[in-house]
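Presented below is the structure to which this report refers.
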Amino acid sequence: MLTVLSNWRGYLELTKPGVQALLFVSCVSGMLIGADFNPPITVLVFGLIGISFLAASSAVINHFFDQKIDAKMNRTSSRPLVIGDISSQHAIIFSILLYVSGSWMLLNFTNFLTWLLTTLTFIFYGFIYTRYLKFMTSQNIVIGGLAGAMPPLLGWTAVTNTIEPNALLLVLIIMVWTPPHFWALAVYRVDDYADAEVPMLPVQKGVPFTKQHILLYTFLLLACTMLPYAVQMFGEIYLFSALILGGIFLVYSFRLYMDDSNAVAMPTFAYSIVYLALLFAAMLIDHFIYL
């Protein structure tokens, strides 16, 4: 306990707080939309914490398995396990504590289905993607993006105890968003991934090919974001927001596609994060107004 308290920043970094922030936004959106802004307070609080704890647990597992490749990449070479701030043993104990406590919350305050889906997501990201899928194909992030796309469904299921088609549309949007989001970073860090021998798309197929696919996936993303309006899940506020935000994303992607210096890669990556947060904010505002 004293070790955790004295090095809390290192343990916090193991949970990938930046990723957790996006998870929180999409998960709470699923809860509020699924419950028409009236979820039971215990489900809202403990469901969010429980889902976050299992996601954090899988992030710690990711750090554990990626120690060797993290050491070879400038972006990750200062992570706590790489520099020895936290031992592998303590990281595993921390991961187990997060999983057990999060599971207890989900089983006691939400429902078995939510716990099962969250556990399957934990296994898929922490073990299948991190340990195997990442190194098997240059399409790793396309398939592995399913794990990061699950939070809105998990939040929705926590308050409804069902898997509903509208919730799956939110999963689809995040799945299609993930490749252009992550590939923009991979273009910027292509040398890092090459040094670490991780077969990301720009390493295997080249940067021009990757930039082309970023642009194509951004078009596909814009089309997917129209589906919730098409099925009358959301109204005009969402529609116009999705069109404007998606149009800006297309501009970034096109600029990156035309940019031989790749200087637009990180601005594209940064905007993709803002895009997703604002898109879900638009969903919430639209649903609240049209209740």
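Among the residues of segment 40-59, is any at pLDDT 95 or above, surrounded by fewer than 21 Cβ atoms within 10 Å (Cβ to Cβ) and assigned to a loop (DSSP other than H, G, I, E, B)?
Yes, there is a match, as at least one residue in segment 40-59 is at pLDDT 95 or above, surrounded by fewer than 21 Cβ atoms within 10 Å (Cβ to Cβ) and assigned to a loop (DSSP other than H, G, I, E, B).
Is it true that PRO208 is surrounded by 22 or more Cβ atoms within 10 Å (Cβ to Cβ), more than 16 Å from the chain's Cα centre (by Cα) and either among the β-branched types (Val, Ile, Thr) or more than 16 Å from LEU221 (Cβ to Cβ) (or both)?
On the way: surrounded by 22 or more Cβ atoms within 10 Å (Cβ to Cβ): no; more than 16 Å from the chain's Cα centre (by Cα): yes; either among the β-branched types (Val, Ile, Thr) or more than 16 Å from LEU221 (Cβ to Cβ) (or both): yes.
Taking the combined requirement at face value, the residue does not satisfy it.
Out of LEU106, LEU117, I need the residue that is among the aliphatic types (A, V, I, L, M) and more than 19 Å from the chain's Cα centre (by Cα). Which one?
Selected residue: LEU106, the only one of LEU106, LEU117 that is among the aliphatic types (A, V, I, L, M) and more than 19 Å from the chain's Cα centre (by Cα).
Suppose we filter TYR193, TYR188 for residues that are outside the structural domain of TYR125 (by TED's automatic domain parsing), modelled with pLDDT under 95 and of a type in the set (Ser, Thr, Tyr); which single one remains? Show your work before the answer.
On the way: TYR188 fails: modelled with pLDDT under 95.
On inspection, the qualifying residue turns out to be TYR193.
Please report, ordered by residue number, the helices (runs of 4 or more DSSP H) entirely within segment 140-239 with at least 2 residues that are within 19 Å of ALA265 (Cβ to Cβ).
Hits in segment 140-239: 140-149, 165-188, 190-195, 201-205, 207-224.
Have a look at THR157, THR130, THR137, THR110 and point out the one that is closer than 20 Å to THR15 by Cβ, in the same structural domain as SER58 (by TED's automatic domain parsing) and among the β-branched types (Val, Ile, Thr).
THR130
The values are calculated or read from the model by the stated rules, or taken from the named source; none is laboratory data. Treat the numbers as computed from the prediction; the structure is a model and nothing was measured. Glycine gets a Cβ as well: all are built from the backbone with ideal geometry, and neighbour counts include every protein chain shown.
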